[in-house]
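Engineer: This is the structure I have questions about; it appears just below.
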Amino acid sequence: MGTGTKRETGEPAWVGLPGGLLTLRRLLLVVWTVALTVATGVSLGLLAGAGWAAFAAVWPCALVWGWVMLGRNWRSWRYAERADDLLISRGVLWRRQTVVPYGRMQLVEVTSGPLERRFGLASVQLHTAAAASDARIPGLVPAEAERLRDRLTELGEARSAGL
């Protein structure tokens, strides 16, 4: 997946996130939207009358908007392994690009919560000496997350030892 090679234009070889993260986030959006629609409709219907229960329709509208925004956000996440550092780019309205030099990495860990494990996902968390520069790549396939962790750890050790 991410080999660190460059295209002929000199640009880094960017790797996007697998679709499992988008599926997980959209499923959570649907579950919460259904729960909020039912809760709003029932509570307004009982407390204010049946006409007011129609205001529960705001949640399905939010679902449509959230569905689109989650897709845009997911497409914005990408990373690239370069010779001396790792690039992480994300964001739709406010683009954010993080550059983590291999020699500055202190700890690289792979985490996977219960929902992530259910969807076959893992996240790579990079810790550096400066707490503000910690970086994270969510929603990777576990094999890719472990490969990335091992590669980054190896490169980090080599760079910090001056090799």
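Read-outs: derived from the displayed coordinates by stated rules, not from any lab. As the structure is a computational prediction, the values presented were derived from the model and not from experiment. Here Cβ is always computed from backbone atoms with ideal geometry, including for glycine, and neighbour counts include all displayed protein chains.
Engineer: Write out the chymotrypsin sites (Phe, Trp or Tyr not before Pro) in region 53-107 meeting two conditions: DSSP loop, and at most 16 other Cβ atoms within 10 Å of their Cβ.
Structural biologist: Working: sites: Phe55, Trp65, Trp67, Trp74, Trp77, Tyr79, Trp94, Tyr102; in loops: Trp77, Trp94.
Passing sites in region 53-107 are Trp94.
Engineer: Same structure, new question: Net charge near Ser123, counting Lys/Arg +1 and Asp/Glu -1 over other residues with Cβ under 10 Å of its Cβ? Numbers along the way, then the final one.
Structural biologist: Values: positive: Arg136; negative: Glu109, Glu116.
Around Ser123, the charge tally is -1.
Engineer: Sticking with this structure for a sec: Let me spell out the model: positive unit charges on the Cβ of Lys and Arg, negative unit charges on the Cβ of Asp and Glu, origin at the Cα centre of the chain. What dipole size does that give, in debye rounded to 20? Intermediate results must be reported in sequence, preceding the final value.
Structural biologist: On the way: 19 positive and 13 negative charges, 87 e Å.
In debye, rounded to 20, the chain gives about 420.
Engineer: Charges on Cβ only, +1 for Lys and Arg, -1 for Asp and Glu, centred on the Cα centroid of the chain; of Pro114, Leu47, Trp14, which one is farthest towards the dipole's positive end?
Structural biologist: Leu47
Engineer: I've got another one for you. Mean residue ellipticity at 222 nm from the helices of the chain, using -39,500 (n - 2.57) per DSSP H segment of n ≥ 4 over the full residue count, to the nearest 500 deg cm²/dmol?
Structural biologist: Numbers: 4 runs with 71 residues, N = 163.
The helix contribution divided over the chain gives -14500 deg cm²/dmol.
Engineer: Report, to the nearest 10°, how far helix 20-47 tilts away from the longest principal axis of the Cα atoms in the chain, using its own Cα long axis and a range of 0 to 90°.
Structural biologist: The answer is roughly 20 degrees.
Engineer: What is the Å³ per residue value for the convex hull set by the Cα atoms of region 76-141?
Structural biologist: Details: hull volume 6.3 nm³, N = 66.
Convex hull volume per residue, Cα atoms: 95 Å³.
Engineer: Which value, to two decimals, describes the C-alpha radius of gyration of the chain once divided by 2.2 N^0.38 Å?
Structural biologist: Details: Rg = 20.7 Å, N = 163, 2.2 N^0.38 = 15.2 Å.
Taking the Cα Rg and dividing by 2.2 N^0.38 Å, one obtains 1.35.
Engineer: Another question about this same structure. Find me the longest stretch of the chain that has none of the exposed trypsin sites (Lys or Arg not before Pro), where exposed means in a DSSP loop (not H, G, I, E or B) with at most 11 other Cβ atoms within 10 Å.
Structural biologist: Result, exposed sites excluded: 8-94.
Engineer: For the chain, modelled as a Gaussian network with Cα springs under 10 Å, which listed residue fluctuates most, Leu29, Leu46, Leu70?
Structural biologist: Top of the fluctuation ranking is Leu46.
Engineer: With bins 10 Å wide starting at 0, give me the P(r) of region 37-132 over every alpha carbon pair, in whole percents.
Structural biologist: Bins of 10 Å from zero give 13, 25, 26, 16, 13, 6, 1 percent of pairs.
Engineer: Using Cα springs under 10 Å in a Gaussian network model of the chain, which residue among Glu11, Glu146, Glu81 shows the largest mean-square fluctuation?
Structural biologist: Its mean-square fluctuation being the largest, the pick is Glu11.
Engineer: Helix 142-160: angle to the longest alpha-carbon principal axis of the chain, degrees 0 to 90, nearest 10?
Structural biologist: 40
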